[in-house]
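The values are calculated or read from the model by the stated rules, or taken from the named source; none is laboratory data. Please read all numbers here as calculations on a predicted model, not as lab measurements. Reconstructed Cβ throughout: ideal geometry from the backbone, glycine too, with neighbour counts over all protein chains shown. The protein model used for the area step is the full one, side chains on, heavy atoms only, and it has no ligands, DNA or RNA in it. Shrake-Rupley method; radii C 1.70, N 1.55, O 1.52, S 1.80 Å.
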Amino acid sequence: MIQVQIDEAELKTMYLAKLEERMKEIEGEVFFMSSKELCRYVGMSWTNVVTHLLSDPEYPACRLGNKWLFPRKEVSEYMQKYYEAVRNDTGDIKTFKRMGS
């Protein structure tokens, strides 16, 4: 008779590592995000994206006709800087004022 013992903690660690690896591969496959994907990515409604992000002329976005496109890597870099600026200012996106605003 063959017995198999599985270390569930080790299995979970291995599974999560492979999942993270695959998610990074998938992220790298898509250069542009649509407005819907952007909203999901940043966790904001489209109205808040327009009000608090697209109002910044430095926000990484371009248009293709009436469709907005957002380069994933540049958005990620921008959002990290934006988060740090908000956190160091008021901590509240609604009351945050950019330099020069």
Out of LEU54, VAL86, SER76, whose Cα points farthest toward the positive end of the dipole of the chain (charges: +1 Lys, Arg; -1 Asp, Glu; placed on Cβ)? LEU54
In Å², rounded to a whole number, the accessible area per residue of the chain with probe 1.4 Å is 82
Suppose a student asked you for the relative contact order of the chain, using Cα pairs under 8 Å spaced at least 6 residues apart; what percent would you report? 22
Among 63-69, 84-90, 37-43, how do they line up by average Cβ neighbours within 10 Å per residue, starting with the highest? 37-43, 84-90, 63-69
Over the Cα atoms, compute the radius of gyration (one decimal) and Dmax (the largest Cα-Cα distance, rounded to a whole number) for the chain, in Å. 19.5, 75
Using a 1.4 Å probe on heavy atoms of the protein chains only, the accessible area for LYS36 in Å², nearest 10, reads 150
Sorted by chain and then number, the residues having a modelled amide H within less than 5 Å of the amide H of MET33, at least 5 places away or on another chain, are PHE70, ARG72
Simple Cβ-charge dipole of the stretch 43-101, Lys/Arg +1 and Asp/Glu -1, about Cα centre, in debye nearest 20: 180
Contour minus Cα-Cα span, THR13 to ASP56, at 0.36 nm per residue, comes to 11.4 nm
State the percentage of accessible surface on the stretch 1-53 attributable to carbon and sulfur atoms; use a 1.4 Å probe and exclude ligands, DNA and RNA. 58
